[in-house]
């Protein structure tokens, strides 16, 4: 009986330690930032390889963003595509994938994703972007957070200037 209790306590300690390491990896993956580069990729690899957890789509998005900094654009796009297939549809995901497409010189795919990012953004985020484009002389419409045609056209003009030809 005592030996069984020792095994149970040991197993509980092992599981708790493994969970803590997983939690640390999730935090490093999701909040380490793309600028952390290889460290973020490594942390996200652990989370992604753990399988179908609650953070899988976000981990794919984070790893993709970190892969962009290493110019591993095909891998980054594959991660973004998989995250989208898992149901992630955020402005961050579309913006990240747009940056990867832009880096490849795939201007139309980048524009499509930037427009999707814009549509997925909150009205407040769009107001900030409208002001940004107004300050650069690209948008003359209202700063109202609406995703109107003039705003989209200004956004496309700006996006075209961001991608290499």
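Tell me, in nm to one decimal, what length is gained between residue 140 and residue 74 on full extension, where the rule is 0.36 nm per residue of separation less the Cα-Cα distance? Walk me through the numbers before you get to the answer.
Working: separation 66, 0.36 × 66 = 23.76 nm, distance 3.64 nm.
Extending this stretch completely gives an extra 20.1 nm.
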- Message: Report the rotationally averaged projected area of region 122-165 based on its alpha-carbon convex hull, in square nanometres.
- Response: 2.9 nm²
- Item | Cα-Cα separations in region 84-128 greater than 11 Å, expressed as whole percent | 62 percent
- Once every Cα of region 44-136 carries one equal point scatterer and solvent is ignored, give the base-10 log of I(q)/I(0) from the Debye formula at q = 0.15, 0.23 Å⁻¹, two decimals. -0.58, -1.11
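Just order 132-139, 107-114 by mean Cβ neighbour count inside 10 Å, highest at the front, would you? Kindly include the intermediate steps, with their values, before the conclusion.
On the way: 132-139: 15.1, 107-114: 19.8.
With the highest mean Cβ count within 10 Å placed first, the list reads 107-114, 132-139.
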- Item | Kirkwood Rh, Cα atoms: Rg over Rh of region 83-165 | 0.98
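FYI, it's all coordinate maths here, none of it is from the lab. These numbers were taken from a predicted model, which means no experiment stands behind them. Cβ coordinates were reconstructed from backbone atoms using ideal geometry, including for glycine residues, and neighbour counts include every protein chain displayed.
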